[in-house]
Amino acid sequence: MNRDAVQADRDFNSAAPLVEVLDLSKRYVMRTGFLGRVRGEVRAVENVSFRIASGETLGLVGESGSGKTTTGRALLRLIEPDGGRALYSRPESREPVDLFALAERDLRPLRRELQMVFQDPTNSLNPRRRASDTLSEVLSVHGIARGSELEDRVRALFRQVGLGTELLHRYPHELSGGERQRLGIARALALSPRLIVCDEAVSSLDVSIQAQILNLLKDLQAELGIAYLFIAHDLSVVRYLAHRIAVMHRGAIVETGVTEQVFAEPAHPYTRALLAAAT
Amino acid sequence: MSAERHADASKRSHTRGDAVLLSVSGLSTWFESRGRTVKAVDGLHLSVNEGETLGLVGESGCGKSATALSILRLVSPPGRIVSGSIEFEGRDLLSLSDAEMRAVRGREIGMVFQEPSTALNPVFTVGEQIAETLRYQRGMERSAADARAVELLEKVGVADPSLRVRSYPHQLSGGERQRASIAMAIACGPKLLIADEPTTALDVTVAAAVFDLLGRLQDESGLGLLFITHDLSRISSRADRVAVMYGGRVVEEARTKDLLAAPSHPYTIGLLRSLPKLTPPGERLRPIPGRVPSAAEWPSGCRFRTRCPIARAECAAVEPPLDPVDGVGSEHAVACLFASEARSL
C-alpha cells in the first residue's frame, strides 16, 4: 500500500461514518400468469454492509445483475429494502438515525441531504422545463431561496458545475449529453447534500466529456466535502474517483478495500477475474 | 496483461500479408434533412490490410458508424455517398450492381453490430438464421447447412452447440447472442469483418471473451478486421493499427504502439489524456474542453480548431491533409498543420 492509500484508509476509517449500511437485503418476488401466483423470488441483494465517511468516495463495482443499482436505490429508499439498517449520522443529532426505519414523513426532511445522479440525464430531467426552471423549482419547493435570491442561486449553481449562463433557458433536448449531466449534478447540489449516489453517472458520456465530469465531481467533493457512493461498471473510472471500493457479485459484496490496494492485490477470485478482463 | 496482448498482436503480424484488402479514399457520406446538410463522413481515407486489425476510434458523431455503413453500401436516404472510392480486393464497391453488392455482403465482408438483437431475427432460431445465410449465399443443402451451423456455433465458443442451435435469440445471454451473430458473420468465410462496437453492450468479462474470440478467428483464418469503437484504451492492446476520427475524417493513423508512444494530433493527445486507464494513479485527467460541433456546421479549415489548444489563424483557412509524420513512406500520418508542436504539448 502506498502512502496516500494508507492515509486514505486512516482518514476514512477513523472518522465516524456518515452512513453505515448493515445487512441490507432486497428480494424481488416473481409472479406468473394472470393470477399472479408467486413463482419464486430473486435475491437481488443479500446482507450487504458498507460504510461511507464524510467527503469519501466509495466505488461500487460489479457486472450487470450484481445488485449495485439496487443497493444504491435502496440506500435512498427509492426502492424499499426488505431488511437491514442504514445508520445515517447528522451533525445536528447525537444519535445516528436508521434511514430504513423512518416513516416516509420523517424521511422527507432528510431527502435533501441524500441525492442521486442518474446514468441518463435525459430520463431524469423534465423535457418541458427549461434548465433554470429545473433548478429554481427544487430551490423553491424546499424553501431554500425565492425572488431575486433564487435567480442568484441558480446562476451560482450553473457556475459551480461549469455551465455557461447562455444555457439557462435551454430545454434538456437543446443541451449536449455532457451539459445535461452537469445540469443533473447541479440539481443534486442545489440542496447542499452530504451524500450523492452516482449510478453510472458518466457511463453514457463520450470519453472526453466523461473526463470533464469526473474532474467536476472530484472538485466538488474537495470543495464541499460531499460523500459519493459511486456505482459503475468501468473499473478505470472507479479507480480514478474512489478512495475505497466494494466489489459486488451476485448480490453480495465479495471484496472491499482501499482502491489502490484492491487493484494491486485483489484477494477474491472474482475481483481478479474482473481486473484481468478490464485490461 | 496488456503487454502480453501486445506481444500477441506482433506475433500475428508475421502471418499477416501486406496486401491491401480494403482501401477507402476521399469518402463523403452526407445526410440531407430540412435544408441542412449533415456531413457525417467528409473526405475520409483509410485502408485495412489482409489479416490485420484496424481500430477505427472516435466519439459520438464523428462518423465512424456512417463509415461502416458506407463501406457496406447500407446508407439509406436521406443519406447518400456523395463522393470517394471504396476498393475491396481491387474492385470498386461503389460501381457494383445491387445484386453484386448483396453477394459481397455476407460472403466476402461480414458484419457484427453493437446490439446483437438487431442483427438477429427474433422469430427464427439462431440455427435457422445461420443455415439460411449458408443456403442463400453458398447454395448449400438444408441438412449440410444445418450441420455447418452447429460447427460454427461451436467455433465461436457457444456451449452445447447442438442444443443451442435450436434456441431463439431471446433464450441466449447477451454474450451468447453476440457469439451467434459473429457465427453468422463468418459463416461464409469472409476476408473482412466489420465490427461496430461489438463489445460495448457487454459486461467486461464477457467483452474480454468476445475480444479473444475475434483474435482467435483472425489467427485461424487470416481475417481482416475493421474494429470500430469509442474506447481507445480497449482497442489499444488488440489492434495492429489505429485510425482516429474527428469531424467525419481520419485525423491520425499509425501503428498502435507508435500512436500511443508519439500521438501527434492534438485531438488524439486530448483523447489519451481523458482516459482514466492511461492516467497514472493520483494524476489528474486533462479533458478536451468544449463539445463536438454539429456535423451540419463544421468549422472551416481544421474541424478540431475550436477545441484545440494550439490553433492559429492558419487553421481556419486550410483543411490539413493527412500527411506522413516522418517523411514519405511513414506509416504514421497526421492531419495537423502544427503536428510537431502538438507532440510537445
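Considered as an equivalent ellipsoid built on the Cα gyration tensor, the range A:153-231 has semi-axes of 19, 16, 11 Å, the largest given first. As a fraction of the 1.4 Å probe accessible area of the range A:166-244, surface on carbon and sulfur atoms comes out at 45 percent. Would you kindly find the accessible area of A:LEU139, with a 1.4 Å probe and non-protein molecules such as ligands, DNA and RNA excluded, rounding to the nearest 10 Å²? A:LEU139 exposes around 0 Å² with every protein chain in place.
Seen from B:LEU96, the other residues with C-beta closer than 14 Å to its C-beta sum to a net charge of -1, counting Lys and Arg as +1 and Asp and Glu as -1. The label-point distance for B:GLU283 and B:LEU94, in a model that sets each label 7 Å from Cα toward Cβ, rounds to 4.2 nm. Diffusion coefficient (Stokes-Einstein, Kirkwood radius over C-alpha pairs, 20 °C, 1.002 mPa s) for the range A:128-181: 190 µm²/s, rounded to a whole number.
Estimated from helices alone, the mean residue ellipticity of the protein assembly as shown at 222 nm is -10500 deg cm²/dmol (sum of -39500 (n - 2.57) over DSSP H runs with n ≥ 4, per residue).
A 1.4 Å probe run over the protein chains yields, for chain A, 46 Å² of accessible area per residue, whole-number rounding. Using all pairs of distinct alpha-carbon atoms, the Kirkwood hydrodynamic radius of the protein assembly as shown works out to 26.6 angstrom.
Taking one quarter of the surface of the convex hull spanned by the alpha-carbon atoms of the range A:68-171 gives a direction-averaged projected area of 8.5 nm².
Grab the beta carbon distance between A:SER204 and B:SER340, set R0 = 30 Å, and tell me the FRET efficiency rounded to 0.05. After rounding, the FRET efficiency stands at 0.25.
Rg and Dmax of chain B, based on Cα coordinates, read 20.6, 67 Å. Accessible-area loss of 40 Å² or more (1.4 Å probe, protein heavy atoms, chain alone versus all protein chains) is found in the range A:224-242 for A:SER236, A:TYR240. Peptide B:200-208 is shielded by partner chain Cβ atoms: per residue, an average of 5 of them sit within 10 Å of its Cβ. Note on exposure: A:MET248, B:MET140 ranked by accessible area (1.4 Å probe, complete protein assembly) read B:MET140, A:MET248, with the most exposed listed first. Annotation: B:GLU128 carries an accessible surface of approximately 90 Å², with a 1.4 Å probe and no ligand, DNA or RNA atoms counted. The magnitude of the dipole of the protein assembly as shown, with charges of +1 and -1 set on the Cβ of Lys/Arg and Asp/Glu and taken from the Cα centre, is near 1200 debye. Rounding to the nearest 10 and keeping the result within 0 to 90°, find how far the Cα-based axis of helix A:147-160 lies from the longest principal axis of chain A. Between helix and principal axis, roughly 50 degrees.
Candidate cross-link partners of B:LYS155 among the lysines, defined by an alpha-carbon separation under 20 Å and a same-chain spacing of 8 or more, comprise B:LYS191. Out of the total accessible area of the range B:199-345 (probe 1.4 Å, heavy atoms of protein only), what percent is carbon and sulfur? Carbon-and-sulfur percentage of accessible area, whole number: 53.
Rolling a 1.4 Å probe over the protein heavy atoms gives the range B:148-271 an accessible area of 29 Å² per residue. Sorting A:ARG130, B:ARG138 on solvent-accessible area from highest to lowest, probe radius 1.4 Å, gives B:ARG138, A:ARG130. For B:CYS188, B:CYS336, the ranking by accessible surface with the largest value first comes to B:CYS336, B:CYS188, using a 1.4 Å probe.
Only beta bridges with both residues in the protein assembly as shown are counted; by DSSP, about 60 percent of them are antiparallel. Rg over Rh for the range B:255-327 works out to 1.01, both radii taken from alpha-carbon positions and Rh defined as the Kirkwood radius.
Per-residue surface analysis assigns B:ARG241 an accessible area of about 20 Å², computed on protein heavy atoms at 1.4 Å probe radius.
The residues of the range B:261-284 listed by number as losing at least 10 Å² of accessible area in the complex, against the isolated chain and with a 1.4 Å probe, are B:LEU271, B:SER274, B:LEU275, B:PRO276, B:LYS277, B:PRO281, B:GLU283, B:ARG284. Taking the DSSP beta bridges with both ends in chain A, the antiparallel portion is around 55 percent. Cross-link partners of B:LYS39 among lysines, defined as those whose alpha carbon lies under 23 angstrom from its own and excluding same-chain residues fewer than eight positions apart: B:LYS64. One compactness figure for the range A:68-123 is 1.21, namely its Cα radius of gyration divided by 2.2 N^0.38 Å. Taken along the Cα-to-beta-carbon direction at a fixed 7 Å, the label points for A:ASP133 and A:ARG108 span 2.4 nm.
Considering all different alpha carbon pairs of chain A, the Kirkwood hydrodynamic radius works out to 19.8 Å. Which residues, if any, in the range A:195-223 have at least 20 Å² less accessible area in the whole protein complex than in the isolated chain, probe 1.4 Å? The answer is A:ASP206, A:VAL207, A:SER208, A:ILE209, A:ALA211, A:GLN212, A:ASN215, A:ASP219. To the nearest ten degrees, helix A:177-189 and the longest principal axis of the Cα atoms of chain A are 90 degrees apart. Of all aspartates and glutamates in the structure, those lying under 16 Å Cα to Cα from B:LYS277, and not within fewer than 8 positions of it along the same chain, are A:ASP206, A:ASP234, A:GLU260, B:ASP231. Computed from protein heavy atoms with a 1.4 Å probe, the total accessible area buried between B and A is close to 2300 Å². One quarter of the surface of the convex hull around the alpha-carbon atoms of the range B:28-112 equals 6.2 nm², the direction-averaged projected area.
The values are calculated or read from the model by the stated rules, or taken from the named source; none is laboratory data. Fair warning: this is a prediction, and the values are worked out from it, not measured in the lab. Positions of Cβ are generated from backbone atoms using ideal geometry, with glycine treated the same way; all protein chains shown enter the neighbour counts. Side chains included, ligands, DNA and RNA excluded: accessible areas come from the protein's heavy atoms. Shrake-Rupley method; radii C 1.70, N 1.55, O 1.52, S 1.80 Å.
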